[in-house]
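Have a look at the structure below, then the notes.
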């Protein structure tokens with residue numbers, strides 16, 4: 001939506017957005033829709049677990065529209081540049097943020113000029129692959145236009161099963177209030193850089209107000225990397241929202257660093273309408289915390305989880321099992337932390353190694369996630385690429401054990417039922433738990 005907005009602001013009005021999941025389209029249907037538009041350029045974006053679909057879609061489009069320029073961008077193409085350009089149907093890869101880069105590509109192709117001067121891209125030329133210098137990140141993100149919300153069917157997002165159960169079957173929209181994260185977790189992406197760049201308080205409030213007033217949005221999901229890095233700014237945003245009459249429900253599917261919170265922030269966040277947040281603990285092992293450069297303050301994050309729960313804010317914890325070098329005992333420490341915390345729910349993921357991350361780049365290419373082995377890792381609990389010294393069967397058992405121990409607490413189940421907005425959301429959570437624990441889906 002940002003890309004569409006930037007192009008339209010520059011005078012390129014004939015821009016269409018198609019969201020495969022929101023529009024409930026399969027590969028053939030979305031290809032047909034794109035082909036019917038007969039575009040000059042097609043942009044595709046994906047994460048690695050969706051990349052198989054991106055490659056297939058590019059080929060379907062290119063087979064019919066032989067002369068169309070196909071551009072790939074987003075998290076997967078940024079990290080897997082060579083893999084993308086080995087696909088015959090992809091012409092250009094945009095690395096990192098795409099707003100300025102895409103606009104320059106469009107202008108360059110329109111003028112039939114060479115691509116060599118465009119920063120932030122890799123492309124094919126004379127049978128080879130060329131890599132241009134990286135593009136600087138947008139320093140002042142307030143200069144970017146509002147996302148092009150009018151180009152999508154906002155009501156269609158209700159079809160998703162969102163990360164926050166509070167948004168289930170409700171009209172909502174996601175927003176970025178900042179970009180980048182100053183931390184250097186070894187397993188994490190670097191799509192938006194390691195420098196924190198934030199929208200001003202006024203810009204964030206105006207954007208939220210616009211969504212509320214024009215589209216009737218009551219549920220807002222903030223998807224920053226680290227919303228609360230600047231304490232003063234985050235407090236000011238939430239206070240402005242609390243003082244307004246919008247009566248929003250705010251959700252953090254990610255974006256909050258749990259051990260940076262304090263009780264004053266939590267009280268103001270609750271007053272503003274914070275109803276759901278995730279906190280990423282990842283591991284209960286101090287050794288692994290240092291190794292992955294997460295550096296969580298265990299006492300502080302445990303205290304803040306309890307404070308969030310006290311203020312009736314629904315808290316989900318993120319945990320990762322199967323880090324390289326992780327021991328059986330260290331997995332048990334992770335499970336123990338989750339089970340002894342005041343979390344409402346917990347997600348126990350298996351570690352996946354990705355190109356472009358410090359930890360992934362240090363591992364053998366055979367166990368790094370790619371299109372051939374990535375898709376099923378997110379759709380089943382038993383089919384994954386094992387990066388740890390533990391056996392795959394041990395990791396499957398430990399995930400089942402973690403879920404049983406965590407959700408087998410009657411007090412926790414009571415708090416889940418008490419704090420969920422409705423039983424429809426409870427059904428979704430229960431269905432996920434049964435699929436993961438019993439059917440290994």
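A few notes on this one:
- Residue within the range 26-41 that is outside any loop (DSSP other than H, G, I, E, B) and within 18 Å of the chain's Cα centre (by Cα) present: no
- Filter result for residue 57 (assigned to a helix (DSSP H, G or I), at pLDDT 95 or above, in contact with a helix residue (DSSP H, G or I) (Cβ under 6 Å, 6 or more places away or on another chain) and crowded, with 19+ Cβ neighbours inside 10 Å): no
- Residue in the range 128-148 that is at pLDDT 95 or above, within 21 Å of the chain's Cα centre (by Cα) and within 30 Å of residue 429 (Cβ to Cβ) present: yes
- If you go through the range 309-349 and keep only what is assigned to a strand (DSSP E or B) and surrounded by fewer than 20 Cβ atoms within 10 Å (Cβ to Cβ), you end up with 318, 347, 349.
- Here is the figure for the range 140-163: residues that are closer than 29 Å to residue 91 by Cβ and without any contact (Cβ under 8 Å) to a residue 60 or more places away in the chain total 3.
- If the condition is being more than 17 Å from the chain's Cα centre (by Cα), assigned to a loop (DSSP other than H, G, I, E, B) and either at pLDDT 90 or above or surrounded by 15 or more Cβ atoms within 10 Å (Cβ to Cβ) (or both), then the range 350-368 contributes only 363.
- The set of residues in the range 219-233 that are part of a loop (DSSP other than H, G, I, E, B) and under 18 Å from the mean Cα position of the chain (by Cα) comprises 223, 224, 225, 226.
- Residue in the range 283-296 that is outside any helix (DSSP H, G or I), in contact with a strand residue (DSSP E or B) (Cβ under 7 Å, 6 or more places away or on another chain), without any contact (Cβ under 8 Å) to a residue 60 or more places away in the chain and closer than 19 Å to residue 352 by Cα present: yes
- The range 183-213, residues that are touching a residue at least 60 places away in the same chain (Cβ under 8 Å) and not in a loop (DSSP other than H, G, I, E, B): 197, 203, 207, 210, 211
- Considering 193, 216, the condition of being surrounded by fewer than 22 Cβ atoms within 10 Å (Cβ to Cβ) and in contact with a strand residue (DSSP E or B) (Cβ under 8 Å, 6 or more places away or on another chain) is satisfied by 193 alone.
- Residue match in the range 10-17 (condition: within 23 Å of residue 159 (Cβ to Cβ), assigned to a loop (DSSP other than H, G, I, E, B) and modelled with pLDDT of 90 or more): yes
- All of 52, 2 fail the test of being under 22 Å from residue 173 (Cβ atoms) and either surrounded by 17 or more Cβ atoms within 10 Å (Cβ to Cβ) or not assigned by TED's automatic domain parsing to the domain that holds residue 193 (or both), apart from 2.
- Scanning the range 90-111 turns up at least one residue that is touching a strand residue (DSSP E or B) at 6+ places or on another chain (Cβ under 8 Å), touching a residue at least 60 places away in the same chain (Cβ under 8 Å), not in a helix (DSSP H, G or I) and not assigned by TED's automatic domain parsing to the domain that holds residue 352.
The values are calculated or read from the model by the stated rules, or taken from the named source; none is laboratory data. Every value quoted in this text rests on a predicted model; they were computed, and no experiment measured them. No Cβ is skipped: glycine too gets one built from the backbone with ideal geometry, and neighbour counts run over all protein chains shown.
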